[in-house]
Amino acid sequence: MALTNFSPISPHRWSAFSYSSSFSSCQFNNRRIFLKLTNVVTVSASTSLSNPKVVVTRELGKNGRLVDALANRGINCLELPLVQHTQLPGFDKLSSLLRSNSFDWIIITSPEAGTVFLDAWTAAGTPNVRVGVVGAGTSSVFGKLGPSLKEILNVAFVPSKAIGKVLAAELPKLGNASCTVLYPASAKASNEIEEGLAKRGFEVMRVNTYTTEPVSNVDQMVLDQALVAPVIAVASPSALRAWVSLIPEDQQWDNAVACIGETTALVAKKLGMKNIFFPANPGIEGWIDSILEALEAQNQLQKV
């Protein structure tokens, strides 16, 4: 859908009140998940089922920081993990490459990619590497390393904006005619980074180390709570598609979606979502601000 079909209410919010098609019409391309009452998805102790305001959707065990930050603002959250990560054979290839090759740069573009990379790097014997990360959220994965390991794993570059195309445009070439880059990624990540770097003369080797899939089972009672919450917070296109597949075909869901960044927000538009919020620069703090903005907008709608 063209960007001009949406009326901006603020610099980083998209609204589609003028869009006439129903949300359910966007679902025919999405695989629907068969729902069963199971214990696969559980609600954490920090999550309240009493009138939750925000649904958090990252993989189980990775929503804590966001839930705590919102709880400190008096906002109840419902934890509904929508995606799960699966390691691919590329993980073993990555360890082998790190053991036997030297690269000018290792590029990491998400916290999950960073976590997988650290496992492979450790398995390879912690060789010296120079790392470029897409933003502060991804960089935080490496902040947990001890001082001695930080000297070996040098996080040496962060772009001016936490977006893949900006990283590809700004990554230093280090004076080499053919600067080499190793790019461990999700199998579902776009080709934007390697294509952008290749145009600048970099030699890029991409290795798909993991993939992201929708969860196979969702507790119906938790889903019912999620469907009436004012805001759903999503950190990836995969989570968005999983959410769309869970909405009953006879229900028009038009509450707010708060995306971690512009890339995810663009997918939300393509899926027909109506009230989309996202920060100018992807990251947890901006994401929280977008969630608060989404909640305020929903409160205003209820007053009308």
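The values are calculated or read from the model by the stated rules, or taken from the named source; none is laboratory data. All values reported here derive from a predicted model rather than from experimental measurement. Methodologically, a virtual Cβ is constructed for each residue, glycine included, from the backbone with ideal geometry; neighbour enumeration extends over all protein chains shown. Areas reflect the complete protein model, heavy atoms only, side chains present, ligands, DNA and RNA absent. Shrake-Rupley method; radii C 1.70, N 1.55, O 1.52, S 1.80 Å.
See the values below:
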read-out: Cross-chain or 6+ apart pairs with Cβ under 7 Å, region 260-283 first and hydroxyl-bearing (Ser, Thr, Tyr), then open to solvent by less than 10 Å² (accessible area, probe 1.4 Å); value: Thr264/Val234; Thr264/Leu240
read-out: Lys150 open to solvent by 50 Å² or more (accessible area, probe 1.4 Å), within 20 Å of Pro282 (Cα to Cα) and at pLDDT below 95; value: no
read-out: In region 200-220, the residues that are among the charged types (D, E, K, R) and either touching a Leu at 6+ places or on another chain (Cβ under 9 Å) or free of Cβ contacts under 8 Å to residues at least 24 places away in the same chain (or both); value: Arg200, Glu203, Arg206, Asp219
read-out: Looking only at region 203-220, and only at residues there that are of a type in the set (A, V, I, L, M, F, W, C) and either open to solvent by 30 Å² or more (accessible area, probe 1.4 Å) or modelled with pLDDT of 95 or more (or both), the one that is nearest to Ile247 (Cα to Cα); value: Val207
read-out: Criterion violated by Lys93 - all others in (1) more than 16 Å from Asn128 (Cβ to Cβ); (2) part of a helix (DSSP H, G or I); (3) open to solvent by 10 Å² or more (accessible area, probe 1.4 Å); (4) without any contact (Cβ under 8 Å) to a residue 40 or more places away in the chain satisfied; value: (4)
read-out: Criterion: open to solvent by less than 10 Å² (accessible area, probe 1.4 Å), part of a strand (DSSP E or B) and farther than 14 Å from Gly164 by Cα - qualifying residue of Leu182, Leu223; value: Leu182
read-out: Unmet criterion (only one of (1) in contact (Cβ under 8 Å) with a residue 60 or more places away in the chain; (2) under 30 Å from Ser140 (Cα atoms)) for Ser245; value: (2)
read-out: Sole exception among (1) more than 28 Å from Leu174 (Cα to Cα); (2) crowded, with 22+ Cβ neighbours inside 10 Å for Lys62, by number; value: (2)
read-out: Count of region 72-90 residues which are surrounded by 13 or more Cβ atoms within 10 Å (Cβ to Cβ) and over 30 Å from Asp224 (Cβ atoms); value: 3
read-out: Identity of the residue in region 153-179, at pLDDT 90 or above and part of a loop (DSSP other than H, G, I, E, B), that ends up nearest to Met205 (Cα to Cα); value: Cys179
read-out: Only one of Thr86, Thr122 that is assigned to a helix (DSSP H, G or I), of a type outside the set (D, E, K, R) and at negative phi; value: Thr122
read-out: In region 251-304, the residues that are of a type in the set (Phe, Trp, Tyr) and either under 13 Å from the mean Cα position of the chain (by Cα) or more than 24 Å from Ala189 (Cα to Cα) (or both); value: Trp253, Phe278, Trp287
read-out: Selection status of Gly143, assigned to a helix (DSSP H, G or I), surrounded by fewer than 20 Cβ atoms within 10 Å (Cβ to Cβ), on the phi < 0 side of the Ramachandran plot and small (Gly, Ala, Ser); value: yes
read-out: All positions within region 103-139 that are closer than 21 Å to Ser238 by Cβ, free of Cβ contacts under 8 Å to residues at least 60 places away in the same chain and open to solvent by 30 Å² or more (accessible area, probe 1.4 Å); value: Pro111, Thr115, Asp119
read-out: Odd one out for Ala265, checked against (1) at pLDDT 95 or above; (2) crowded, with 23+ Cβ neighbours inside 10 Å; value: (1)
